[in-house]
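J.: Submitted below is the structure of interest, expressed as structure tokens.
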Amino acid sequence: MWQVIIVLLGTSLWLGWKTKKLQTLIPITIFCALSMIAAVLSDNLDNAIYFQVLYNVALVVSGIWLILRGSHSGVSHYFFLGIVTILLTALMRYIDLIGEYVGGAILFILLAVVLLAAAKYWKTRQLKELR
């Protein structure tokens, strides 16, 4: 699995370098690498759950941030990337539920609220542009 991770991180760094967004990508890459190493080197396997929760919160927050950035700046690809981030997070949680069912249900409700609010905002925005 480490080979896959190295290929994915290397590809993202290369794409960041090509698009001149490397300064934004390096802290994220370092955080991901250090947290994966910490999870592997940890003697207690229960610590991996904390990393799962941390990454899920980070994905939801980044999805919300992308939606807000796209809606405020009027750039649709940020908006839809945020939607895709939230949908993929929901799909990952559906496949591998965190903890118990109550935690998964709360996460699904939160994601549904965010997606409904984003859809309502986008529909309102589209109606304003048509007028």
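J.: Starting from the stretch 71-92, take each residue that is more than 15 Å from residue 119 (Cα to Cα) and list its partners that are at pLDDT 85 or above and among the hydroxyl-bearing types (Ser, Thr, Tyr), counting only C-beta distances under 9 angstrom and pairs at least six apart or across chains.
T.: Within 9 Å, no pair qualifies.
J.: Another question about this same structure. Looking at the stretch 119-131, I want the residues that are at positive phi and in a helix (DSSP H, G or I) and have a partner that is of a type in the set (Asp, Glu) and at pLDDT below 80 with Cβ atoms under 8 Å, at least 6 apart or on another chain. Which pairs are those?
T.: none
J.: Please work out which residue is nearest to residue 90 (Cα to Cα), limiting yourself to the stretch 19-66 and to residues that are polar (S, T, N, Q) and part of a helix (DSSP H, G or I).
T.: 56
J.: Can you find a residue in the stretch 95-113 that is under 22 Å from residue 36 (Cα atoms), in a helix (DSSP H, G or I) and at pLDDT below 80?
T.: Yes, there is a match, as at least one residue in the stretch 95-113 is under 22 Å from residue 36 (Cα atoms), in a helix (DSSP H, G or I) and at pLDDT below 80.
J.: Would you be able to say whether some residue in the stretch 86-106 is exposed (fewer than 13 other Cβ atoms within 10 Å of the Cβ), within 20 Å of residue 28 (Cβ to Cβ) and out of contact with any Cys (no Cβ under 8 Å at 6 or more places or on another chain)?
T.: Taking the stretch 86-106 first, the residues exposed (fewer than 13 other Cβ atoms within 10 Å of the Cβ) are 88, 91, 94-96, 99-102, 105-106.
In the following step, the residues that additionally are within 20 Å of residue 28 (Cβ to Cβ) were identified as 88.
Adding the requirement that they be out of contact with any Cys (no Cβ under 8 Å at 6 or more places or on another chain) leaves 88.
Taking every residue of the stretch 86-106 in turn, at least one turns out to be exposed (fewer than 13 other Cβ atoms within 10 Å of the Cβ), within 20 Å of residue 28 (Cβ to Cβ) and out of contact with any Cys (no Cβ under 8 Å at 6 or more places or on another chain).
The values are calculated or read from the model by the stated rules, or taken from the named source; none is laboratory data. None of the values given here were measured: they were computed from a predicted structure. Cβ coordinates were reconstructed from backbone atoms using ideal geometry, including for glycine residues, and neighbour counts include every protein chain displayed.
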